[in-house]
Amino acid sequence: MKDYVLGISCLYHNSAAALIKDGKIACAAEEERFTRIKGDAAFPINAVKFCLDSEGIFPEDLLTVAYYENPGIKFDRILIGAFLNMPKSIDQFLRAMPDWITNKLWIERKIRKELGFSGKIVFSSHHLSHAASCFYPSPFEDAAILTIDGVGEWSSCALGVGRGNSVELTECINYPNSLGLLYSAFTLYTGFRINNGEYKMMGLAPYGKPVYADLIKKEIVSIAEDGSFALNQKYFSYTYSAKTINKRFEELFGNPARKKDESVTPFYANVAASIQEVTNEIVFKLAKSIKEKSGCKNLVMAGGVALNVSSNGLLRKSGLFDDIWIAPAAGDAGGALGAAFEAYYRLTDEKRTTDQKDMMRQSFLGYSIKNNDNSDNERLKACGAVWEKMSSAQLIKTAASLLADGKVVGLARDEAEFGPRALGHRSILADARNPHMLEKLNLMIKFREGFRPFAPIVIKEDAKDYFDVEGDSPYMLFTFPVKESRRLPAETAQTYEATAKLVRSDIPAVTHIDYSARIQTVEKENNAFLYGILQEFKRLTGCGVLVNTSFNVNEEPIVNTAEDAYKCFMKSGIDNAVIGDRFFDKKRQPTPNKGGSEKK
């Protein structure tokens with residue numbers, strides 16, 4: 001019997017399940033993909049079922065179930081924090097206690113009940129799970145480890161070393177000092193939603209100047225040379241209330257927090273640029289510190305802050321490490337994978353091998369849309385869908401031709417990606433050369449803020465022709481500059497939306513205001529279908545770059561099933577879709593619920 005370990009993360013945000021088989025990843029998925037509730041925090045019963053069904057096993061076949069943190073220690077932190085902040089904390093304490101007493105403290109009982117599992121259940125710690133999620137799937141025999149997020153049990157940041165089949169965390173920065181909470185506080189202040197809008201603020205930052213960086217470092221966060229830091233709690237209220245910042249925070253900057261429906265002004269862009277610069281400094285100093293202490297040439301990273309592609313890009317460009325590998329599912333969902341890995345090696349002490357080029361399998365670990373699946377056909381027909389069945393070669397040529405003609409194509413095939421990035425199996429593709437494409441995608445398809453950039457995909461060997469990049473970037477986790485030779489003179493406009501529309505290069509749809517791009521490199525062996533589209537598009541147009549954004553609309557999870565993909569296709573401005581081996585043309589779709597068919 002195989003050694004199967006199931007990892008689970010849940011009850012806070014973005015629940016997930018992951019299954020390890022003999023030290024290798026079998027599958028992994030987030031609960032939101034099944035329930036269609038963005039960031040779903042519920043117990044991931046659907047994701048668990050998917051994992052077990054994928055391998056054809058039952059709960060009794062598991063070596064163990066691993067939970068990604070220790071609820072007892074987390075509860076201690078909440079109790080101590082409430083006691084130290086009484087009486088201000090009483091309301092928050094009373095609101096939190098019912099869920100803790102009836103639900104969160106009894107996760108072992110919940111796992112046994114939901115799974116019907118009577119075997120061994122083990123608990124990791126939050127940052128150990130993060131560390132395991134980035135070290136064990138990495139290509140390195142040994143590596144320095146850096147994990148940064150809001151908070152786990154007590155820790156908000158951990159430094160350590162991974163060697164062979166073991167991970168050791170050597171230093172931690174503890175709550176209430178937290179870079180993740182600091183960044184989230186500014187996310188709220190600039191008018192975006194915490195745990196959802198951090199990447200929006202990151203996209204806004206290049207429109208501003210870091211004029212408040214010194215003020216932030218003087219008043220709000222003190223930073224030591226080794227990257228350790230302390231927050232001035234005078235400006236925060238998260239230790240005793242549901243609010244994150246207080247009036248002193250707003251008074252320090254001379255303006256109130258921006259409301260969601262208010263326009264973004266230069267002031268808030270400057271604030272975003274300032275906290276981004278401070279974040280860059282802390283991340284670099286922490287990385288430098290663990291390199292000096294560990295002596296390792298390579299670095300692995302996880303935690304929500306590891307999704308900050310701007311900081312990651314600068315760290316990679318610095319040359320501090322020979323190589324950097326970041327967990328594609330760096331947030332709490334990835335904690336399920338890390339918990340499974342940590343438990344597997346702790347319980348079996350098996351030798352770890354790093355001979356695979358990509359143990360994450362391009363993060364294609366989720367639900368699979370299979371070709372010519374009869375159940376999918378029936379569901380699509382019930383939606384009124386009309387499609388044409390094509391071979392992979394036909395689909396590649398058709399999609400590339402439509403993209404060259406300025407059409408937007410949705411792509412949903414094979415296994416879904418695990419993590420927040422769509423990497424070609426649940427993607428929306430478009431022509432990066434089109435100067436109007438960013439506006440079309442933002443306003444007609446994604447229904448999101450016009451200032452936010454889109455990411456380019458490019459064949460790995462062609463990347464250096466468009467970007468200042470060495471090596472690969474398969475997971476879209478680093479920014480790189482667009483090559484000088486492809487840039488056009490900088491211009492400005494009166495609004496951020498108007499500025500975003502200005503043409504800055506010969507691939508304007510993926511060139512941000514600061515000439516940066518969050519690129520994904522594609523190799524044939526990892527994604528033959530997407531590679532084929534890029535090759536054919538290049539043959540037709542002479543350009544080897546496409547826009548790649550996730551197949552969803554604003555505030556919805558990335559599509560999971562064929563039915564999800566079709567429904568998203570129909571309610572957005574996507575022109576055509578490839579779902580499995582089916583080709584869909586928007587113009588041929590009938591009125592909803594009038595019956596669908598496969599075109600013969």
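Only the coordinates and a few stated rules stand behind these numbers; no lab work does. Everything quoted here is computed from the prediction, not taken from an experiment. All Cβ positions, glycine included, derive from the backbone under ideal geometry; neighbour counts span all protein chains shown.
As a check on your grasp of the helix formula, calculate [θ] at 222 nm for the chain: sum -39500 (n - 2.57) over DSSP H runs of n ≥ 4, divide by the residue count, round to the nearest 500.
Computed ellipticity for the chain at 222 nm equals -10000 deg cm²/dmol.
For N548, which sequence-distant residues (separation of 5 or more, or a different chain) have an amide H within less than 5 Å of its own amide H, given hydrogens modelled in the peptide plane?
Amide H to amide H, under 5 Å and 5 or more residues apart or across chains, N548 pairs with A455, I457.
Give a residue-ordered list of calculated ³J(HN,Hα) values for the range 245-256 (Karplus: 6.51 cos²θ - 1.76 cosθ + 1.60, θ = phi - 60°; whole Hz; x for Gly, Pro).
Karplus-based 3J(HN,Hα) across the range 245-256 equals 10, 10, 4, 4, 4, 5, 5, 4, 9, x, 9, x Hz.
Subtract the Cα-Cα distance of K113 and L540 from 0.36 nm times their separation in residues, and report this length gain in nm to one decimal.
Length difference between fully extended and current span is 148.1 nm.
Apply 1/(1 + (r/R0)^6) to the Cβ-Cβ distance of D261 and Y199, taking R0 = 25 Å, and write down the FRET efficiency to the nearest 0.05.
So the FRET efficiency works out to roughly 0.80.
Sticking with the crude label model, points 7 Å out along Cα→Cβ, report the distance from D22 to T353 in nm, one decimal please.
Computed distance between label sites D22 and T353 equals 0.8 nm.
Please give the per residue volume of the convex hull enclosing the alpha carbon atoms of the range 483-587, rounded to a whole number of Å³.
157
For the pairs K21/K351; K38/K234; K200/K538; K460/K538, flag any whose C-alpha to C-alpha distance is greater than 21 Å.
K38/K234; K200/K538
Over the Cα atoms, compute the radius of gyration (one decimal) and Dmax (the largest Cα-Cα distance, rounded to a whole number) for the chain, in Å.
Cα-based Rg and Dmax for the chain come out at 23.6, 71 Å.
Residue by residue, what Karplus-based ³J(HN,Hα) values in Hz, rounded to whole numbers, does the range 297-305 have, using 6.51, -1.76 and 1.60 with θ = phi - 60° and x for Gly and Pro?
Once rounded to whole Hz, the list reads 8, 10, 10, 10, 9, 7, x, x, 5.
Compute the projected area of the convex hull of the Cα atoms of the range 259-341, averaged over all viewing directions, and report it in nm² to one decimal place.
Here the figure is 7.3 nm², rounded to one decimal.
Taking only the alpha-carbon atoms of the range 179-324, what semi-axes of the equivalent ellipsoid follow from 5 times the gyration tensor eigenvalues under a square root, in whole Å, largest first?
They are 27, 17, 13 Å, listed largest first.
Given H placed 1.01 Å from N in the peptide plane, which residues other than close sequence neighbours of V522 have an amide H under 5 Å from its amide H?
Amide H neighbours of V522, under 5 Å, 5+ apart: V458, I459, K460.
Counting every Cα pair in the range 95-235, what percent are over 22 Å apart?
Cα-Cα pairs of the range 95-235 separated by over 22 Å account for 57 percent.
Going by average Cβ density within 10 Å per residue, which order do the peptides 254-265, 378-389, 320-331, 6-17 take, highest to lowest?
Per-residue mean Cβ counts within 10 Å order the peptides as 6-17, 320-331, 378-389, 254-265.
Given 4 °C and 1.567 mPa s, compute D for the range 532-584 with the Stokes-Einstein relation, Rh being the Kirkwood radius over Cα pairs; round to the nearest whole µm²/s.
Translational diffusion coefficient: 103 µm²/s.
Could you pull out every residue, at least 5 positions away or on a different chain, whose amide H is within less than 5 Å of the one on F478? Hs are placed 1.01 Å off N in the peptide plane, and Pro or chain starts have none.
Result for F478 returns I519.
Provide the per-residue ³J(HN,Hα) series for the range 574-579, in order, calculated from phi with Karplus coefficients 6.51, -1.76, 1.60 and θ = phi - 60°, each as a whole number of Hz, with x at glycine and proline positions.
Each residue's phi maps through the Karplus curve to give 5, 7, 9, 9, 10, 10 Hz.
Along each of the three principal axes of the Cα atoms of the range 365-599, give the extent in whole Å, ordering the values from largest to smallest.
Ordered largest first, the range 365-599 gives principal extents of 52, 40, 32 Å.
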